[in-house]
Amino acid sequence: AAADPFSVLPGSLGRESWCNEHDAMHKRLDIIEEKVIKTVEHLESEVKSLLNIISETTSNIPIAPGTSLTDIFDGKY
């Protein structure tokens, strides 16, 4: 019964302590979620930038007449 937070009488210190820990855990998870979202947004931006650089670089390469072109991205980007 001691391990079950709901078996503690309402208004007792045990329940308050459990609620505080629960709230603290949610706050930490919110911080982690925010950091993950910002990291993903940053990585998306970096990938887009790299793809633009690759696209610009490959468009400036002279191609001999009659050479077939190969789409290294298979049209996905």
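Since every read-out is calculated from the coordinates, none of them should be taken as a lab result. Because the structure is a prediction, the values reported are computed rather than measured. A quick note on method: Cβ atoms are made from the backbone with ideal geometry, for glycine too, and the neighbour counts reach across all protein chains shown.
Some notes on this structure:
- Segment 13-55 - charge dipole about Cα centre, Lys and Arg +1 at Cβ, Asp and Glu -1, debye rounded to 20: 80 debye
- Cβ-Cβ distance of THR67 and GLU44, R₀ of 30 Å, FRET efficiency by 1/(1 + (r/R0)^6): the value works out to about 0.35.
- Pairs of Cα atoms farther than 14 Å apart, segment 13-55, %: 66 percent
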